[in-house]
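Below is one structure, written out as structure tokens, with a few remarks after it.
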Amino acid sequence: MGYFRFRKTISILPGVRINLSKTGVSGSLGGHGATVNVGKNGEQVTLGIPGTGLSYRTPLSTTLFIGLILIAVLVGVAYLVSPTTVKALLHWWQPHWF
């Protein structure tokens, strides 16, 4: 037998969300491709390929957290140097269905 699920997401800022469900409240930080979620199951990281439905979810470890911060800093510095190149590299692999 099945069951009903309930979820409501409230956007606070771009990339920052509060998630409400019948089992509790959680917070999410991130966007398409990488999200950190803090809820009753602890801190979780979801890495995915936008537009494909493929993703991988794992608990947030210190090593993974530091790695994500380093990648964000590198992309940010590259964006300051050449924004058009970074935009092109971040969007070339995204599937275009329509």
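If a residue has to be touching a residue at least 12 places away in the same chain (Cβ under 8 Å) and farther than 12 Å from Val45 by Cβ to count, how many in the range 60-74 make the cut?
Total meeting the criteria: 0.
Could you list all residues from the range 64-90 that are modelled with pLDDT of 85 or more and either loosely packed, with under 10 Cβ neighbours inside 10 Å or within 14 Å of the chain's Cα centre (by Cα) (or both)?
Leu80, Val81, Thr84
Specify the residue that is surrounded by the fewest Cβ atoms within 10 Å (Cβ to Cβ); the eligible residues are those in the range 1-54 that are of a type in the set (Ser, Thr, Tyr) and closer than 21 Å to Ile69 by Cα. Before you say what the answer is, go through the steps one by one.
Narrowing the range 1-54 to residues of a type in the set (Ser, Thr, Tyr): 3, 9, 11, 21, 23, 26, 28, 35, 46, 52.
Among the residues that remain, those that are also closer than 21 Å to Ile69 by Cα are: 28, 35, 46.
Details: Ser28: 20, Thr35: 18, Thr46: 15.
Among those that are of a type in the set (Ser, Thr, Tyr) and closer than 21 Å to Ile69 by Cα, it is Thr46.
Look at the range 50-59 and say how many of its residues are of a type in the set (Val, Ile, Thr) and without any contact (Cβ under 8 Å) to a residue 40 or more places away in the chain. Before the answer, list the steps.
Of the range 50-59, the ones of a type in the set (Val, Ile, Thr) are 52, 58.
From the residues that got through so far, the ones that are without any contact (Cβ under 8 Å) to a residue 40 or more places away in the chain too are 58.
Residues meeting the conditions: 1.
The values are calculated or read from the model by the stated rules, or taken from the named source; none is laboratory data. Fair warning: this is a prediction, and the values are worked out from it, not measured in the lab. No Cβ is skipped: glycine too gets one built from the backbone with ideal geometry, and neighbour counts run over all protein chains shown.
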